[in-house]
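The structure appears right after this line, and notes come after that.
The values are calculated or read from the model by the stated rules, or taken from the named source; none is laboratory data. Remember, predicted model here, so these are calculated numbers, not experimental data. Neighbour counts are summed over all protein chains in view; Cβ atoms, including those assigned to glycine, are modelled from backbone coordinates with ideal geometry.
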Amino acid sequence: MTIGSDVTVDKIEMDAERLDAARAAAIYREHGCLVVRGLMKPYLEALNRDIEATAARALSLLDRARQVPEGWVTPDGTLFIPAPPGFTRDKQIMVLSLRYSTSAAFFQSAFDPKALDIVEAILGPDIELFMDGQCLYKEPVGGHAKNLHQDAAYFEHKYEGPVAILNYAVDTDLVNGALYVVPGSHRFGVLKHVDTSSHLGLDAEEWPWERALPIVGRAGDSIFFHVKTIHGSQTNRSDKPRPVFIHRYRRANDYVVIGATTTANRAEAEKRAEQAKKENQHGLMVRGFRPYEESEDRVG
């Protein structure tokens, strides 16, 4: 039986104007994903301005990019990966250097009260930001696909792990790269991943796109998903960019035990998982209070 085959989008969606945080959390717990229509609309004008300015700057710096295991990084921090055959250049944008530290609109959207009401209903009262925000950018006419995968393959946590909110910055459909999710897959544990053209992913023969549910949406729509929920997106075949911006939240006591981007560095990280500690993994608190722990004594 295909996992999640009986789940349709209408079973996992709700409207931001008629938000019920408890019901939203219940949908998330059952399916490992949740769609909230229109949640991020208030931030779009400023965010899209910042996104396109960041993309233009990254392209202007491409001739100064340095090679890293994941691809190439420009001086501003944008990650490029190999472009497909027939693309306008040999490298394409994957992750823009748009972060909370560079965009006020991005930072402000991470504190959206309705979004945090849902996260609190899922995780409890003491919540911190995980990472510095992320903006994934599919360039026009061939922008990269992201194979179906679990975020836990990249950052496996000690406890529950982060709740992610992926937000559409533009209207997004099956042509320009809608997100696909596999409802219920958060119960599988962390699956074996392989190296793909866009880093870690699940074996495409075992996990074809037909096993996943596409989420078509308007600019401002938000998709919440569990760190172990299988998800991904196909190539952007339109003539315009398809950016998304992502917030991740976790309980204040949670932390990464395995961090990776390739099968090789994940194998190495797995050997050190037992030694992983919470120190130096504190994010900004967005709800509640961080209790003091003796093991986190600091000097200075």
Only one of (1) more than 24 Å from Val216 (Cβ to Cβ); (2) surrounded by fewer than 22 Cβ atoms within 10 Å (Cβ to Cβ) fails for Glu156. Which number is that? (2)
Within region 85-99, can you find the residues that are assigned to a strand (DSSP E or B) and free of Cβ contacts under 8 Å to residues at least 60 places away in the same chain? Lys91, Gln92, Ile93, Val95
Going by the structure shown, is Asp254 of a type in the set (D, E, K, R), farther than 21 Å from Phe130 by Cβ and within 18 Å of the chain's Cα centre (by Cα)? no
Can you tell me how many residues in region 264-280 are in contact with a strand residue (DSSP E or B) (Cβ under 6 Å, 6 or more places away or on another chain) and surrounded by 15 or more Cβ atoms within 10 Å (Cβ to Cβ)? 2
Do any strands (runs of 3 or more DSSP E) entirely within region 241-297 hold 1 or more residues that are touching a Ser or Thr at 6+ places or on another chain (Cβ under 9 Å), closer than 20 Å to Lys146 by Cβ and among the aromatic types (Phe, Trp, Tyr), and if so, which? 242-251
Residue that is assigned to a helix (DSSP H, G or I), more than 20 Å from the chain's Cα centre (by Cα), among the small types (Gly, Ala, Ser) and surrounded by 15 or more Cβ atoms within 10 Å (Cβ to Cβ), where the choices are Ala22, Ala53, Ala58, Ala26: Ala58
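Does Leu179 count as more than 22 Å from Gly259 (Cβ to Cβ) and more than 18 Å from the chain's Cα centre (by Cα)?
no
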Restricting attention to region 100-125, which residues are assigned to a loop (DSSP other than H, G, I, E, B) and either among the small types (Gly, Ala, Ser) or under 16 Å from the mean Cα position of the chain (by Cα) (or both)? Tyr100, Ser101, Ser103, Ala110, Gly124
In region 259-281, anything within 27 Å of Gln108 (Cβ to Cβ) and over 19 Å from the mean Cα position of the chain (by Cα) is listed as Asn280
Taking region 98-134, which residues are surrounded by 21 or more Cβ atoms within 10 Å (Cβ to Cβ) and among the hydroxyl-bearing types (Ser, Thr, Tyr)? Ser103, Ser109
Members of region 130-144 that are of a type in the set (Gly, Ala, Ser) and not in a strand (DSSP E or B): Gly133, Gly142
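In this structure, is Asn147 in a loop (DSSP other than H, G, I, E, B), among the polar types (S, T, N, Q) and modelled with pLDDT of 95 or more?
So Asn147 fails the test.
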